[in-house]
Structure formats: structure tokens, C-alpha cells
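The values are calculated or read from the model by the stated rules, or taken from the named source; none is laboratory data. Note that the coordinates shown come from a computational prediction; the quantities given were computed from them, not determined experimentally. Here Cβ is always computed from backbone atoms with ideal geometry, including for glycine, and neighbour counts include all displayed protein chains. Note: areas computed on protein heavy atoms with side chains; ligands, DNA, RNA excluded. Shrake-Rupley method; radii C 1.70, N 1.55, O 1.52, S 1.80 Å.
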Amino acid sequence: MSKPIRVLVAKPGLDGHDRGAKMIARALRDAGMEVIYTGLRQTPEQIVAAAIQEDVDVIGMSILSGAHNHLFPKIIKLLKEQNAEDILVIGGGVIPEDDIPALLEGGIAAIFTPGTPTTDTVKFIKENVK
Amino acid sequence: MELIERMLNGDKRACARLISIVENNAKESEEVIRKIYKHTGNAHIIGITGPPGAGKSTLTDKLVKLLRKQDKTVGIIAVDPTSPYTGGAILGDRIRMNDHALDPGVFIRSMGTRGYLGGLAKATRNAMKILDAFGCDYIIIETVGVGQSEVDIVKAADTVVMVMVPGLGDDIQSIKAGIMEIGDIFAVNKSDLFGAQRTATEINMMLDLDQNMGRRPPVVMVTASKNENIDKLYHEIEKQYSYMKVEGILEERRKLNLKRELVELVEEELRKVVLRESDNNGEIENASNKLLNKETDPFTERDLLLKKII
């Protein structure tokens with residue numbers, strides 16, 4: 001029995017554009033990972049609860065609404081409250097360059113902006129999941 | 001094991017970790033099941049099966065809502081297929097169940113089949129035991145979308161709900177062997193669609209042909225997306241369960257399933273031992289060469305191999 005990497009792919013917040021999330025879900029699937037896809041308009045609380053029940057190694061979130069500076073730190077905070085900060089959190093979407101350093105500082109492991117080859121994301125996950 | 005203690009005390013993260021263990025690690029998995037087995041047997045296990053897109057997840061979501069109104073705790077194992085090429089999977093059943101994500105009385109776990117073909121994953125039965133020990137009143141197992149012959153759910157569940165939808169074929173489909181035989185209850189979902197009544201009639205006619213049935217499975221027309229008739233379906237599930245309990249059928253069924261499970265475990269272990277032994281000595285390789293040259297036949301070689309080991 002080899003253990004596949006489990007990834008929760010979620011769309012927090014209110015924007016309804018999930019093409020990017022689906023694309024990354026598909027790419028991770030093709031890289032041999034188990035992707036739990038939770039769909040649109042998730043609250044940070046729902047995402048963290050799902051991540052814990054699904055015992056995932058990674059949470060991947062896509063945000064295109066501009067609310068990243070609110071939603072990403074919220075997720076990190078909730079994970080800490082649940083003693084689940086071992087879960088790797090990555091983000092993607094339309095995130096301005098200027099916002100990225102603070103998000104990384106706050107505990108997001110990586111931010112992948114538009115144009116990133118999916119292979120980069122796969123590689124990052126494989127290298128960083130313990 | 002500390003995780004077991006925590007799980008038995010209601011810690012969801014520990015419960016999730018234990019499920020990962022039974023999925024990923026054969027040796028530790030045995031350890032876990034040995035320790036928790038005496039805590040199992042209290043949940044009513046409901047299997048929800050049916051073809052892809054029939055509405056199993058949506059129906060499960062609505063059933064959970066109803067059960068929660070009565071303050072019953074629910075565990076859900078939702079199985080989706082694993083890619084035979086990459087080993088990856090998209091597990092998407094949760095999309096329909098997000099309303100329950102924050103409910104402390106609900107635990108939802110998605111599971112890839114990881115090469116297992118009967119509609120469940122290899123670890124499903126063990127994960128079920130963990131949720132049972134965790135204290136769930138109900139455990140709902142949602143199978144992968146089934147075709148005609150994925151019937152493993154009967155080996156795991158107390159009550160099987162077969163979800164059908166209109167438009168999948170003529171009445172001959174409904175008298176074929178396989179999945180049409182395993183339902184304790186038939187739910188015709190999407191009953192607001194054209195042809196739903198006809199589908200229900202065909203299933204009813206198929207069921208009426210069977211003379212030797214213990215209890216004739218009821219057919220319920222539901223529209224899960226609109227939450228229509230879910231209460232009727234629930235009522236039928238409860239009726240079936242108490243019928244089985246009163247008539248001693250539940251115990252019989254559980255015993256049969258435990259027997260099957262035990263036999264499977266013995267077979268699996270035996271196969272491992274036999275293959276390991278004969279592989280080590282190169283005997284399978286030798287026999288294959290002889291077979292290729294027609295010096296022997298497969299059954300003679302089988303007997304020889306088994307005689308050496310057992």
C-alpha cells in the first residue's frame with residue numbers, strides 16, 4: 001500500500017469562477033494524488049472542517065475575488081486553533097505581487113499566480129509534503 | 001494507541017487519522033481494528049448505490065438533513081473511482097454535502113477505490129468500523145456510480161437503497177441479474193423528469209415477478225434536489241430495518257457478511273503466503289516455462305505448487 005498525497009481543492013469566498021480550481025484538480029489527479037473537490041463558495045470554517053475530516057496533506061485554494069488578504073489568513077488561524085498547522089496551505093488566483101510576501105509570511109506555503117505551469121504546483125506539493 | 005482513545009472520546013481529527021491508517025497501512029490497520037472491534041455493531045449501516053449521476057450524493061445529503069433533525073449522528077463514506085492509469089482521483093461527493101461540513105454530528109469522508117472493483121474501496125469496511133466505534137448512529141456508504149455488477153455494498157450494509165433514474169433502458173434491463181437484485185428499497189430519483197413513472201412501474205413489475213422474496217422491496221419516487229419524498233424514503237428505510245430486526249434477518253445478514261469478510265481475509269493471507277513462497281524458490285517462473293513449452297498443464301502445476309507449500 002503506497003500512500004497517495006491527499007489534497008483538498010477549495011474555492012473560498014464569493015467569486016464563481018472555478019475553471020482554475022478544476023484545472024489544478026485535474027492536474028493533481030493526473031499526478032497520482034487524491035483530490036477532494038469541495039466546490040464553490042466555501043467559508044474558511046467549512047474548508048478547515050473538511051480538511052480535518054478528510055485528513056488531507058494539502059489545502060489548495062483558488063481566489064479570484066480580491067478577498068485573499070482576508071480569507072487566507074483566516075484559514076491559517078483556524079488550522080492553528082485545531083492543531084492542524086501541519087497541513088500545507090497553497091493558494092492560487094489573481095493575487096497582486098505586492099500582497100504575496102505578507103501572505104507567505106502569514107503561513108501560506110506558496111502562491112501560484114496565473115500562467116504558472118501546473119507542473120510547478122505538482123512539483124512544489126511533492127517536494128513539500130512530509 | 002493514543003489515537004484510538006481520542007477517537008473513542010469523540011475527537012474528529014483522530015477519527016480521520018485512523019481512517020487514513022486503515023487506508024494506507026496494512027499492519028497498523030490490523031492493530032487498530034483489533035482494538036476497536038468490540039466497540040462496533042451499534043450503527044445502522046445504509047448503502048446508497050446506483051448508476052453515475054443518479055443523484056446518490058444529493059439524496060445522501062437530504063437523508064442526512066432528516067436524520068439530523070432527529071438528533072441522530074451520521075457518518076458518511078463516499079467512494080469515487082481512482083484512475084487505473086495514475087492512481088489519482090477526483091473525489092467530488094462532498095460538493096453536495098457542504099451544508100453539513102460544520103455540523104458536529106456529521107462526519108464525511110471521501111475515499112478513492114484504489115483499484116478495487118466492487119463499487120467500494122478495500123478500506124471501506126474498516127473505515128465503517130471506525131465510524132461505528134466513533135459512535136455514529138447511522139453510517140451511510142455511498143458507492144461509486146455502478147454499472148451492472150458492482151454489488152459489494154450488500155456485503156457491507158444492513159440496508160441497501162438502489163437509486164434509479166428514468167431513461168436508462170427498457171424493462172429488460174430491470175430483470176437482469178446483478179445490481180437490480182441487491183436493493184432492499186428502490187428510489188426512483190429525478191421523478192420530476194419524463195419517464196419516471198414508467199421506470200417505477202418497470203421496477204415494480206420486475207419485483208412482482210419474484211416469488212421467493214422475504215420482503216418485497218418498496219419503490220419510492222423521490223426528487224432529491226427538491227427535497228421531495230425524502231421523508232417517505234426514510235420511512236421505508238426504517239420499516240425495512242425494524243422488519244429485519246424483528247425477523248432476525250439483520251443478525252443473519254450481519255453474520256453472513258462477517259463470514260464473507262473472514263473468508264476474504266483468509267484468502268488474501270493465503271495468497272500472500274503461497275505467492276511469496278513459490279516466488280522465492282522461482283517455482284512459478286519454472287512452471288510458466290514448462291507451460292509455455294506444453295510440457296505440462298495449468299492444473300497439474302497448480303496442484304504441485306500447493307502441495308509443496310501447504
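If you go through the range A:75-85 one residue at a time, do you hit one that is at pLDDT below 95, out of contact with any helix residue (DSSP H, G or I) (no Cβ under 7 Å at 6 or more places or on another chain) and within 11 Å of chain B (Cβ to nearest Cβ)? So far as the range A:75-85 goes, yes, one or more of its residues are at pLDDT below 95, out of contact with any helix residue (DSSP H, G or I) (no Cβ under 7 Å at 6 or more places or on another chain) and within 11 Å of chain B (Cβ to nearest Cβ).
Of the residues that make up the range B:263-280, is at least one of a type in the set (Gly, Ala, Ser), modelled with pLDDT of 85 or more and farther than 16 Å from B:VAL154 by Cα? Scanning the range B:263-280, I find no residue that is of a type in the set (Gly, Ala, Ser), modelled with pLDDT of 85 or more and farther than 16 Å from B:VAL154 by Cα, so the answer is no. Taking (1) away from chain A (no Cβ under 12 Å); (2) in a helix (DSSP H, G or I); (3) open to solvent by 10 Å² or more (accessible area, probe 1.4 Å); (4) not charged (D, E, K, R) in turn, B:ILE95 satisfies each apart from (1). In summary, strands (runs of 3 or more DSSP E) completely within the range B:133-219 and bearing 2 or more residues that are under 15 Å from the mean Cα position of the chain (by Cα) occur at B:138-142, B:159-164.
Within the range A:53-63, is even one residue farther than 17 Å from A:GLY93 by Cβ and more than 7 Å from chain B (Cβ to nearest Cβ)? Within the range A:53-63, one or more residues are farther than 17 Å from A:GLY93 by Cβ and more than 7 Å from chain B (Cβ to nearest Cβ). Within the range A:3-48, being more than 10 Å from every other protein chain (Cβ to nearest Cβ), part of a loop (DSSP other than H, G, I, E, B) and surrounded by fewer than 23 Cβ atoms within 10 Å (Cβ to Cβ) holds for A:GLY13, A:LEU14, A:ASP15, A:GLY16, A:HIS17, A:ASP18. Remark: pairs (first residue in the range B:176-188, hydrophobic (A, V, I, L, M, F, W, C); second residue modelled with pLDDT under 75; Cβ separation under 7 Å; 6+ apart in sequence or on different chains) = B:MET180/B:SER174.
Here B:ILE36, B:ILE21, B:ILE45 are screened, and the one residue that is open to solvent by less than 50 Å² (accessible area, probe 1.4 Å), away from chain A (no Cβ under 14 Å) and part of a helix (DSSP H, G or I) is B:ILE36. Comparison of B:SER278, B:SER288 shows that the only residue that is open to solvent by less than 80 Å² (accessible area, probe 1.4 Å), under 30 Å from B:ASN126 (Cβ atoms) and not assigned by TED's automatic domain parsing to the domain that holds B:ASN126 is B:SER278. The sole residue among B:LEU305, B:LEU265 that is free of Cβ contacts under 8 Å to residues at least 12 places away in the same chain and aliphatic (A, V, I, L, M) is B:LEU265. Grab the helices (runs of 4 or more DSSP H) fully contained in the range B:231-310, keeping just those with 1 or more residues being closer than 30 Å to B:LYS62 by Cβ and among the basic types (Lys, Arg). In the range B:231-310, B:249-280 are the helices (runs of 4 or more DSSP H) which contain 1 or more residues that are closer than 30 Å to B:LYS62 by Cβ and among the basic types (Lys, Arg). Candidates in the range B:98-120 are the residues that are more than 7 Å from chain A (Cβ to nearest Cβ) and part of a helix (DSSP H, G or I); of these, the one that is surrounded by the most Cβ atoms within 10 Å (Cβ to Cβ) is B:HIS100. When the residues of the range B:185-214 are filtered to those that are acidic (Asp, Glu) and under 22 Å from B:GLY53 (Cβ atoms), the one that is modelled with the highest pLDDT is B:ASP192.
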